[in-house]
Amino acid sequence: MTHFLELVSLVLAVSLVFNIDSAYAARNNKYVTCGSVLKLLNTDYQVRLHSHDVKYGTGSGQQSVTATEIQEDVNSHWAIKAATGKHCERGEPVKCGDVIRLHHLATNKNLHSHNFQSPLSGNQEISAYGDERGIGDSGDHWLIVCSGDSWQRNTPVKLRHTDTDMYLSISGRTFGRPINGQMEVVGISNPYSGTDWSAAEGLFIHQSENESAPRHTEL
């Protein structure tokens, strides 16, 4: 009888832990987190933030940043990292008001802006910048503008450039060669026009999974 009661107690304890872990994971899965890799979808234009080893012919001459309608393009993957010199715990939800870097996986550079004009519309230029280790400067820092406590995967956010207070946006203009058909990404002062970005496809790290494989959707 004693052995039976001990077995029942063990089953109940395991069930309780499983339920707690499952509830924690379900709650945490709705957030964009530090260390996650994702594609950012502009909700107005239905294009994904993109970069590639093609430099601007005007302005800064740095690596260009565009937007593409092609969902499967591997050059649209960005990793969520802390601001330069700061640290964020892998799997920790990104809070509204946090300052982050968006690190471009294919070229090892960071989403960047500065006081140069964009090539097509004359707005503020958005580029990709950093050395061979992926280290840049304060021009790589973006503040997450959202409502509530944290950035939720199913809710669009705005990204405000901390050095210039410009918002990441789409101009509506389209490039010709060598990046034919891709749209111009710009910084603008008006937070209401093409400035909403949602977390699309990605690999999302969660705190309860740091010792195991992360949950993900199709990259």
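Is region 109-119 home to any residue that is at pLDDT 95 or above, surrounded by fewer than 22 Cβ atoms within 10 Å (Cβ to Cβ) and either outside any strand (DSSP E or B) or among the β-branched types (Val, Ile, Thr) (or both)? Yes, some residue in region 109-119 is at pLDDT 95 or above, surrounded by fewer than 22 Cβ atoms within 10 Å (Cβ to Cβ) and either outside any strand (DSSP E or B) or among the β-branched types (Val, Ile, Thr) (or both).
Okay, residues lined up against (1) in a loop (DSSP other than H, G, I, E, B); (2) among the aromatic types (Phe, Trp, Tyr); (3) over 18 Å from Ser36 (Cα atoms); (4) open to solvent by less than 10 Å² (accessible area, probe 1.4 Å):
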{"residue": "Ile70", "(1), (2), (3), (4)": "yes, no, yes, no"}
{"residue": "His87", "(1), (2), (3), (4)": "yes, no, no, no"}
{"residue": "Arg90", "(1), (2), (3), (4)": "yes, no, no, no"}
{"residue": "Gly122", "(1), (2), (3), (4)": "yes, no, yes, no"}
{"residue": "Ser127", "(1), (2), (3), (4)": "no, no, yes, yes"}
{"residue": "Asp131", "(1), (2), (3), (4)": "yes, no, yes, no"}
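Of Asp149, Asp196, Asp163, Asp140, all but one fail to be open to solvent by 30 Å² or more (accessible area, probe 1.4 Å), at pLDDT 95 or above, in contact with a His (Cβ under 8 Å, 6 or more places away or on another chain) and not aliphatic (A, V, I, L, M); the exception is Asp163. Please find, among Gly139, Gly187, Gly194, Gly122, the residue that is under 19 Å from the mean Cα position of the chain (by Cα) and on the phi > 0 side of the Ramachandran plot. Checking each option against the conditions leaves just Gly194.
Within region 166-176, the set of residues being touching a residue at least 24 places away in the same chain (Cβ under 8 Å) and open to solvent by less than 40 Å² (accessible area, probe 1.4 Å) comprises Tyr167, Leu168, Ser169, Ile170, Ser171, Gly172, Phe175.
The values are calculated or read from the model by the stated rules, or taken from the named source; none is laboratory data. Here the structure is a predicted model, which is why all the values come from computation and not from measurement. Please note: Cβ atoms are built from the backbone with ideal geometry, for glycine as well, and neighbour counts cover all protein chains shown. For accessibility, only protein heavy atoms count, side chains too; no ligands or nucleic acids. Shrake-Rupley method; radii C 1.70, N 1.55, O 1.52, S 1.80 Å.
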